[in-house]
Structures are given as C-alpha cells and as structure tokens.
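**Student:** What follows is a single structure, and I will ask about it in a moment.
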Amino acid sequence: MYAEIVAVISRGLEAFNVKQPMTPKQIEIFAEDFLEVYQYESVADLKVCLKHARLGYYGSHYQSIDSLTLQTWFKKYLDEKAQAREQRHQEVKDVTSTALNFATPEQLKEIKSRINE
C-alpha cells in the first residue's frame, strides 16, 4: 500500500504548477505518515482528495505544496466525507420516519417483526 500511496501522491501533484514541488523523499515521508495517521482511510479517499484539490475545492496553491498542505487538504476532505455521510444518514432516517407515520397497523407489525429478527 505504501508504494501505491507514493504513486498516487506523485501523480496527483503533477497536476499542480508550483514553484516548489515536493521532493521524492518528502512524498515518501508523507506516505509513511499517511499510513500511520490515516490507517482506516483508503487510497481511494486520497485520490478523491487530490482531485478536489486539483479542482480548487481547497483554494489556490501557487508557491509550494508540502506535507502540511496535503494534511490540511485531507482533513478538509474527511470533514466533507463525514458531513455527506451524516446527511445521507439523516435522509434515510427522515424517510423511514415518514414511512412509519403512514404505515397501517399490519405494516407496523411486519416492520417490528423484521427488526426483531
């Protein structure tokens, strides 16, 4: 997974025209940090984060991109991901609540039996 993270970061950073790009050693260090700090996140998340940065979601970065910049972007990405997950959860909860309010007694019994299975 380490090599994949290095490759994703290297490729992702090629999209930026900065005066001071990250060195290969800095990319390797970031990959090590990523594996340690974000051990429960995926390489796919890192790809999406870099795409969002490339599209300007996190502002413009013309001077340099370093490990701290990548960390900041990824934290913002994780916040976005958490908000989207919470919104989906709330939508499902609202739909379920609405469905229960309009359910017939027989439908409620069926729902209750499925929950208790």
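The values are calculated or read from the model by the stated rules, or taken from the named source; none is laboratory data. Since the model is a prediction, treat every value here as computed from it, not as a measurement. Here Cβ is always computed from backbone atoms with ideal geometry, including for glycine, and neighbour counts include all displayed protein chains.
**Student:** Report, by residue number, each residue of the stretch 78-114 that is aliphatic (A, V, I, L, M), at pLDDT below 75 and in a helix (DSSP H, G or I).
**Tutor:** Val92, Val95, Ala99, Leu100, Leu108, Ile111
**Student:** Every residue in the stretch 46-77 that is more than 17 Å from Ser10 (Cβ to Cβ) and either of a type in the set (D, E, K, R) or part of a loop (DSSP other than H, G, I, E, B) (or both), please.
**Tutor:** Within the stretch 46-77, Leu55, Gly56, Tyr57, Tyr58, Gly59, Ser60, Tyr62, Gln63, Lys75, Lys76 qualify.
**Student:** Restricting the stretch 1-40 to residues that are outside any helix (DSSP H, G or I) and of a type in the set (A, V, I, L, M), which is nearest to the chain's Cα centre (by Cα)?
**Tutor:** Met1
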